[in-house]
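The numbers here are math on the coordinates, done by the rules we state, and not lab data. Note that this is a predicted model, so its numbers are computed, not measured. FYI the Cβ positions are ideal-geometry reconstructions off the backbone, even for glycines, and counts take in every protein chain you see.
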Amino acid sequence: MYVIEAVYNILGSLIILFFYDKTVVVICLAIMIPVIIISMLYGKKMMRLNKHKNDELEKQVDIISAGNNTNIRHHYNNLRKWQVRISDKEAWNFGFMEIMVLLVIAVSLIVSKNLHSTTIMAGSLFGMYSYILKFASGLDTIPYTMERLASLSDITRRIELEVDDMPAVQDSFPEEIKIDEGEIIFLQRKSTVELSV
């Protein structure tokens, strides 16, 4: 739902900004290029970090059930290390995204003011600013989406590996089932008793 709203914000803002000022749309599209490239790189790094974290998490039951305090401490230190690295990447990416948002807002407002000189109306400037903010809020979701996709792809890969490792289930039943008449009568009486209770 969050991603759909982001796509709506980006596309809707670009369409409406096109009617205000085509130059602002070009600026927004130009800013999207580094944002998408950095977000794709971020997604790859997050996939690697999530893999290491999930590898460590998969060992957790065995380590805790063994009861060795040194191994447990080492395990939780490793988990903390991977979580800190993930948080550091999120912080750096968030900082980059906020710089891009500030850049798109500042450049768009400066360019639109210079293009229209003194004839731009306050309402038009406010409208443009509002839609630039909508566009920027949509941009903020791109790294979040890449992070979620990286995490989901690692989890999906693990599930597929688990399914591949599972033994095949027999689809066929034994050819003959031999039941004595006494067993059938017993089963009928038992079910009758259970129903009457």
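Rounded to 0.05, the FRET efficiency of the VAL163 and GLU58 pair, given R0 = 25 Å and the Cβ-Cβ distance, is 0.95.
Here the relative contact order of segment 2-165, from alpha carbon pairs under 8 Å that lie six or more residues apart, stands at 48 percent. Determine the alpha carbon to alpha carbon distance for each of LYS22/LYS45; LYS45/LYS134; LYS51/LYS89; LYS22/LYS89; LYS45/LYS81; LYS22/LYS44 and list only those over 24 Å. In this structure, LYS22/LYS45; LYS45/LYS134; LYS22/LYS89; LYS22/LYS44 exceed 24 Å between Cα atoms. Between LYS22 and MET40, full extension at 0.36 nm per residue minus the direct alpha carbon distance yields a gain of 3.8 nm. The Cβ shell under 15 Å around PRO34 holds other residues with a net charge of -2, Lys and Arg each +1, Asp and Glu each -1. Between PHE126 and LEU103, the contour length at 0.36 nm per residue exceeds the Cα-Cα span by 6.6 nm. In whole percents, the pair-distance distribution calculated for segment 1-123 from its alpha-carbon pairs, binned every 5 Å from zero, is 2, 9, 13, 15, 13, 10, 9, 7, 6, 5, 4, 3, 2, 1, 0, 0. Rounded to the nearest 20, the Cβ-based charge dipole of segment 2-165 about its Cα centre (Lys and Arg +1, Asp and Glu -1) stands at 460 debye. Figure legend: label point modelled 7 angstrom from the Cα of GLU5 along Cα→Cβ; residues of segment 140-156 with amide N under 18 Å from it are 140-149.
The Cβ shell under 13 Å around MET46 holds other residues with a net charge of +4, Lys and Arg each +1, Asp and Glu each -1.
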